[in-house]
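Coordinate-derived values only; no laboratory data. Computed from a predicted structure; not experimentally measured. In this analysis, Cβ positions are derived from the backbone assuming ideal geometry, glycine residues included, and neighbour counts consider all displayed protein chains.
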Amino acid sequence: MIRMPFKTLRLMMYVFIGGYCVFILTPLSWMVFTAFKKRSEIFANPSGLPSELYFGNFERVFSSGIGTYFLNSLITSVFSVTGIVAISTLAAYALARIPFKGRMWVYMLIVASYAVPLHAVLVPMFQLLDGFGLLNTLAGLILPYIAFGIPFTVILLYAFFLEFPKDLEEAAKLDGCSQLRTVFSIVLPLSKPALLSAAIFQVVFVWNEFLIALLILTSKGVKTLPLGLTSFQGQYSSDWGAIMAAVLLSALPIVALYLAMQKHFVRSLTGMGK
Amino acid sequence: MTTLTISNLCKSFGDVDVLHDINLAVQSGEFVVLVGPSGCGKSTLLRLIAGLEDIVQGTIQIGERVINNVEADKRGIAMVFQSYALYPHMSVEQNIGFCLRVARQPSALIQEKVQDVAQTLQIKPLLNRKPGELSGGQRQRVAIGRAIVRDPDVFLFDEPLSNLDAELRVQMRLELMKLHNRLKATMIYVTHDQVEALTMADKIVVMRDGVIEQVGTPIELFNSPCNKFVAGFIGTPKMNFLHGHITSVTEQRLHLDLGGGIALEIPNRWHGLDAAQQGKKVCVGIRPNEVSETKHGLSTLQGTISVVEQLGRETLSHMMLPNKQYVSVLENGQHFHDVGTPWTVSLNPEAIYLFDEREQTIALTKEFA
Ligand SMILES: Nc1ncnc2c1ncn2[C@@H]1O[C@H](COP(=O)(O)OP(=O)(O)OP(=O)(O)O)[C@@H](O)[C@H]1O
Ligand SMILES: [Mg+2]
């Protein structure tokens, strides 16, 4: 191996990262700029900064009912993620700590179900939800989201609970805690980073999910943001300002969450939430 | 009055037998120290008593009550873990009071008890801190506080001082002994540390491979170990062992061949050692402080000095015999022996132990015992 001088290596890394940032940020900044431009300016000056901050695009977006989409997305996310984390936590803890017959098989099954592609089960899932009369309801969206979120979250939390110091749980047992009390008083408060990162993963997935939503939700009142955005595209086919404003608004909560939780998110990727 | 009685206790994990037929009675208020090599089952025994492992075979009683199937928190036992196992997300106050809160005691009472314990252990200023903000010694105190607050019949300690530095260990050792005197509680204490075992114990239990080898006061174990293992385990520096066989026996004298042409002549003080024992394999045990340069005429050994350790108050020299066995010699004061020079030492005949081929101690005749 040829040893490169340290400086050269660093320079190359900066060039690479710089190039990558330009690649990622160009469309994003184009989106942000366009959202604040008047229609005439969008075409006259497509790539530059807006000459003045124009909020007309946002006004049009708000008046066309993006609020409903927002609300639907919010409800879906909150219920889905709460469900995923609650169920996965208990499942992962049981798998990691309670010995029972076939425990490894259950775990393997969960791991295997993580590998099942969404597209393979779309049709049966649709029929199932239809049978339960859940099409066009948020519940019909939340349940599949929970089902799809559980395997990955269980795997993540299982690894975390396996490494959880046993001493603490034993001390709690001596202090008179039942197993459930131990989980709630000792294990969960100390698992916050892992739980948070699991939750963030799922929020991002659920908030942006498009395919299942497209399949389940057809009436306007129940649509979530990603679906709403596509209908905008149809509605305002040439109103790029409004479209960009809507996209910007829908991305904003996730970006904010990302920035607020950045530490946990990165940690969860690098070290299973530790 | 007996507090804790362990009868015929066995424990295995899968195919691995960890404890075999343990029998032990601990008196009320006694300080019992469990010692033994790593992996001999000390922690397992403690965890069985605490209720952290299931008892499948044998019984454990506290007073008259069999506690095999009693929940861990109802046994009247408190345990201090080697890692302290303090709850990192709770303050010291919450840590100590946790078991009372779980038991739904009124908060005024909890407050009072926690203050009491904090007073006893002098950790009042620390009550609002989290365990992460404490030093090792302070954490140790909190862990002990968490045990005291439950007012248990029996305290269990699993190597509680092993994470502390030497100085703090000595200090905490003294405090634990004071605490024991004040609480008059029964304590069972696991340690690797010789000094801890000898200084703290009313009674030492020596374990090996899941079996209790000997139980006795520190002095009993030191003076009359029942076998070679206990003799080697109790006392520092370790007892010297010289392997050989008996060449001739008379009423007065015992002649041994240690191999490599070394003959050793010692006064015969042992019960049942007569001419019939000729040719038997034996092992001679002698503590390093009972070997010296002064001539007893009898029981002398010659070799070369190979290592000299200056301990300040004492000097520990290791001499190699021609048969490649080593003898350690502990002398008072500072001696500057030259490594590599020949040396003659003699064994104090009164302090010689003899072990048979099964490594059991051979008993002394009445007049010497
Ligand atoms: N949960 C378990 N499963 C299987 N084997 C175990 C388990 N716990 C302990 N053992 C085995 O039991 C034996 C005794 O372990 P134990 O922890 O009691 O030893 P110890 O005397 O406390 O050792 P140390 O002084 O190193 O702490 C060891 O061989 C250990 O491997
Ligand atoms: Mg141990």
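Measure nothing but the geometry: give the 0 to 90° angle between the long axis through the Cα atoms of B:92-102 and the longest principal axis through the Cα atoms of chain B, rounded to 10°. Once rounded, one gets 70 degrees.
With K and R counted +1 and D and E -1, the other residues having a Cβ less than 10 Å from that of B:Pro218 yield a net charge of -1. Note: the stretch A:6-135, Cα convex hull, 270 Å³ per residue. Loop-resident GluC sites (Glu not before Pro) (DSSP state other than H, G, I, E or B) in the stretch A:157-226 with no more than 15 further Cβ atoms inside 10 Å of their Cβ: A:Glu163. Here the protein assembly as shown has an Rg and Dmax of 37.2, 124 Å, counting Cα atoms alone. Computed on the Cα trace of the stretch A:116-174, the radius of gyration divided by the Kirkwood hydrodynamic radius gives Rg/Rh = 1.27.
Would you work out which of A:Val85, A:Tyr54, A:Ala35 lies farthest towards the positive end of the dipole of the stretch A:1-149? Charges go on Cβ: Lys and Arg +1, Asp and Glu -1. Projecting each Cα onto the dipole axis, the largest value belongs to A:Val85. Taking a sphere under 11 Å around the Cβ of A:Asn72 and counting the other residues whose Cβ falls inside, with K and R at +1 and D and E at -1, yields a net charge of +2. Relative to the dominant Cα principal axis of chain B, helix B:166-183 is inclined by about 60°. Axis angle, to the nearest 10 degrees, between helix B:107-121 and the longest C-alpha principal axis of chain B: 30 degrees.
Each residue of the stretch A:237-248 was assigned a 3J(HN,Hα) from its phi angle through the Karplus expression (A = 6.51, B = -1.76, C = 1.60, θ = phi - 60°), giving 3, 10, 8, 5, x, 5, 4, 5, 5, 5, 4, 4 Hz with x at Gly and Pro. Both radii are taken from the alpha-carbon atoms of the stretch B:4-226; with Rh as the Kirkwood radius, Rg/Rh is 0.97. By the beta-carbon count within 10 Å of each Cβ, the least crowded to most crowded order of A:Asp167, B:Asp338, B:Asp274, fewest first, is B:Asp338, B:Asp274, A:Asp167. What FRET efficiency would be calculated for the residue pair A:Leu28, A:Lys7, taking the C-beta separation as r and a Förster radius of 35 Å, to the nearest 0.05? For A:Leu28 and A:Lys7, the calculated efficiency is 0.65. Relative intensity of the stretch B:240-355 on a log10 scale, I(q)/I(0) at q = 0.11, 0.18, 0.22, 0.24 Å⁻¹, equals -0.35, -0.87, -1.22, -1.40, per a Debye sum over C-alpha point scatterers of equal strength in the absence of solvent. Each of B:Lys130, A:Lys263 was scored by other Cβ atoms within 10 Å of its Cβ. Listed from fewest to most, they are A:Lys263, B:Lys130.
Taking a sphere under 10 Å around the Cβ of A:Gly176 and counting the other residues whose Cβ falls inside, with K and R at +1 and D and E at -1, yields a net charge of +3. Per the Kirkwood formula applied to alpha carbons, the stretch A:65-271 shows a radius of gyration over Rh ratio, Rg over Rh, of 1.04.
Comparing B:Ala78, B:Val117, B:Gly137 along the charge dipole axis of the stretch B:4-226, the residue lying farthest to the positive side is B:Val117, per the Cβ-charge model. Counting only residues at least eight positions apart within a chain, or on another chain, the lysines with an alpha carbon under 24 Å from that of B:Lys130 are A:Lys166, A:Lys173, A:Lys192, A:Lys263, A:Lys274, B:Lys113. Placing +1 on the Cβ of every Lys and Arg and -1 on the Cβ of every Asp and Glu, with no other charges, gives the stretch B:57-141 a dipole of roughly 120 debye about its Cα centre.
Counting only Cβ charges, +1 for Lys and Arg and -1 for Asp and Glu, the dipole size of the stretch B:240-355 around its Cα centre is about 260 debye. Exposure proxy ranking for B:Val327, B:Val211, based on other Cβ atoms within 10 angstrom of each Cβ and starting from the fewest, stands as B:Val211, B:Val327.
What the pair-distance distribution of the stretch A:81-196 shows, using all Cα-Cα distances binned every 10 Å from zero, is 13, 37, 30, 15, 5, 0 percent.
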